[in-house]
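J.: For reference, the structure I am asking about is given below.
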Amino acid sequence: STLIPAWKDRVKSCMAGDEWVDFMAPSVDKGNALSFLQKYLGIEKSETMAFGDNNNDVGMMLAAGESYAVENAVEEVKKAADFLCPGYSEKGVYKIIKNLIEVY
């Protein structure tokens, strides 16, 4: 997007979909939010999972103990994630969580 370079020195920005750009304060990040919740709730990193598909999810992938990129995710998210899972149309997130619940 042409908007991202134009605003790079003032805000953090990233593509959040084909038609969406997220503009945030530099410290705002899904990974920072997940880290805050882990600390606030006393939850270990190893006790958290994250699922994502676009650049705005990379920080969250890195902050989670186990992370999944859906199959249609952008390459940056796939590289940051621990695993891949099927996309929305195949209920990939549901299947991963359902399998986890059945194990416990």
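J.: Restricting to the range 62-79, name every residue that is open to solvent by 20 Å² or more (accessible area, probe 1.4 Å) and of a type in the set (S, T, Y).
T.: Residue satisfying the conditions is Y68 alone.
J.: Right, something else. So the check is Cβ under 6 Å with 6+ separation or different chains; which pairs have a first residue in the range 52-63 that's under 15 Å from F83 (Cβ atoms) and a second one that's of a type in the set (S, T, Y)?
T.: M61/S67
J.: Sort out which residues of the range 15-58 are within 26 Å of K91 (Cα to Cα), part of a strand (DSSP E or B) and either aromatic (F, W, Y) or in contact with an Asp or Glu (Cβ under 9 Å, 6 or more places away or on another chain) (or both), and write them in order of number.
T.: Within the range 15-58, M15, A16, G17, W20, M49, A50, F51 qualify.
J.: Report the residue count in the range 80-94 for those that are in a helix (DSSP H, G or I) and either open to solvent by less than 80 Å² (accessible area, probe 1.4 Å) or modelled with pLDDT of 95 or more (or both).
T.: 4
J.: Of a type outside the set (S, T, N, Q), open to solvent by less than 60 Å² (accessible area, probe 1.4 Å) and at pLDDT below 95: does that describe I4?
T.: Yes: the conditions hold for I4.
The values are calculated or read from the model by the stated rules, or taken from the named source; none is laboratory data. On a predicted model such as this, the values are computed, not experimentally measured, just so you know. All Cβ positions, glycine included, derive from the backbone under ideal geometry; neighbour counts span all protein chains shown. What goes into the accessible areas is simple: the full protein's heavy atoms, side chains included, and nothing from ligands, DNA or RNA. Shrake-Rupley method; radii C 1.70, N 1.55, O 1.52, S 1.80 Å.
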